[in-house]
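Trainee: Attaching a single structure in structure tokens format; questions to follow.
The values are calculated or read from the model by the stated rules, or taken from the named source; none is laboratory data. Computed from a prediction, not measured in an experiment: that's the story for all the values here. No Cβ is skipped: glycine too gets one built from the backbone with ideal geometry, and neighbour counts run over all protein chains shown. Heads up: the accessible areas ignore ligands, DNA and RNA and are worked out on the full protein's heavy atoms, side chains in. Shrake-Rupley method; radii C 1.70, N 1.55, O 1.52, S 1.80 Å.
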Amino acid sequence: MRHVTVDGVDVPALGFGTAGMDTDEERQKAVEAALAAGYRHIDTAQMYDSESAVGAAVEESDVAREELFVTTKLTRDNRAHEAVIDSTQNSLDRLGMEYVDLLLIHSPDQNVPHEETLDAMDELVADGLVNHIGVSNFSVEQTRNAVDHSAAPIFTNQVEYSLATHQPDLLSFCIDEDVLLTAYSPLKLGSALEDEELVAVAETHGKTVRQVAIRWLLQQPMVSTIPRSSNPDHIERNSAVFDFELADEEMRRLFGIGGGIDEELAATIGL
Ligand code: NDP
């Protein structure tokens, strides 16, 4: 497993998402399959109703808690100071864990100032219930404000980021500021799945287009990704991305699918 080092901490670059599944049984089976396939980074959220299933799957597995990197996120209703503290404790109870590795603001909020939410999250870090804090769906400017305000470092901004939806400005910011860019919906590629360049690169390596889409993310500095699947074969296949490497020229061609990147960013990421 490849790791991304953020603020001196090694995070498994490939994680497993748990949104959008229908039942606890489906969620638990999926997380069990992911743990068996070697995933050690699990993404959940108060909003996904998947925290209990993640906890149950971890409990059933023989994976030690210290080997895992677990992220959860505060729903929109839980951004005021007391709600941050209380709802995080509830998340920990559902997970059956004494701490989460990462707690995120799920999306920007107009009602409660981010500063209030971040102050409460900082308290949770000080109390040892949360190891790191971060944000999700934040713009570059919103992320910068969070970095400037928070006592604890902003560890990640989790955003939609894929071959079809990459965000060069955010990637530059994350590299400069030592913030992890956690790429969600890496496989929701729509018509890009049939892109000729992508198909050609996949054929060259004897891999599927989705494996290339995941690998392309993992070869970018400060990027981790959290694909989701309920299908054990897909779960396994999505993790079989460490036995090949995309050439710089292939990375560049694949950046073209989402609109390309400028020469400065290409140089920064070593292309
Ligand atoms: P993904 O990009 O992970 O795509 C999931 C879809 O791809 C499912 O329909 C799945 O179907 C299919 N799929 C996965 N692997 C394969 C495969 N090998 N072959 C064919 N189909 C496949 O989408 P998500 O939106 O779920 O994003 C991933 C995670 O990111 C979420 O689960 C969640 O944890 C997080 N997220 C965070 C958000 C935020 O606001 N912070 C928003 C959205 C997501 P199947 O089950 O049949 O394999």
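Trainee: Looking only at region 74-88, count every residue that is open to solvent by 20 Å² or more (accessible area, probe 1.4 Å) and in a helix (DSSP H, G or I) and tell me the total. Give the derivation first.
Mentor: So in region 74-88, the residues open to solvent by 20 Å² or more (accessible area, probe 1.4 Å) come out as 75-78, 80-83, 85-86.
Adding the requirement that they be in a helix (DSSP H, G or I) leaves 76-78, 81-83, 85-86.
Of the residues in that region, 8 qualify.
Trainee: Between SER185, SER230, SER224, which is without any contact (Cβ under 8 Å) to a residue 60 or more places away in the chain and of a type in the set (Ser, Thr, Tyr)?
Mentor: Result of the check over SER185, SER230, SER224: SER185.
Trainee: Condition first: open to solvent by 80 Å² or more (accessible area, probe 1.4 Å) and under 9 Å from PRO168 (Cβ atoms). Now tell me which residues in region 245-268 satisfy that.
Mentor: Matches in region 245-268: ASP262 only.
Trainee: How many residues does region 178-188 contain that are within 13 Å of the ligand (Cβ to nearest atom) and in contact with a Pro (Cβ under 8 Å, 6 or more places away or on another chain)?
Mentor: Number satisfying all stated conditions: 2.
Trainee: Among (1) within 13 Å of the ligand (Cβ to nearest atom); (2) buried (at least 19 other Cβ atoms within 10 Å of the Cβ); (3) not in a helix (DSSP H, G or I), which single condition is GLN211 missing?
Mentor: (3)
Trainee: Counting residues that are within 25 Å of GLU196 (Cβ to Cβ) and under 20 Å from the mean Cα position of the chain (by Cα), which helices (runs of 4 or more DSSP H) fully inside region 226-271 reach at least 2?
Mentor: Working: elements: 232-239, 248-255, 263-268.
Hits in region 226-271: 232-239.
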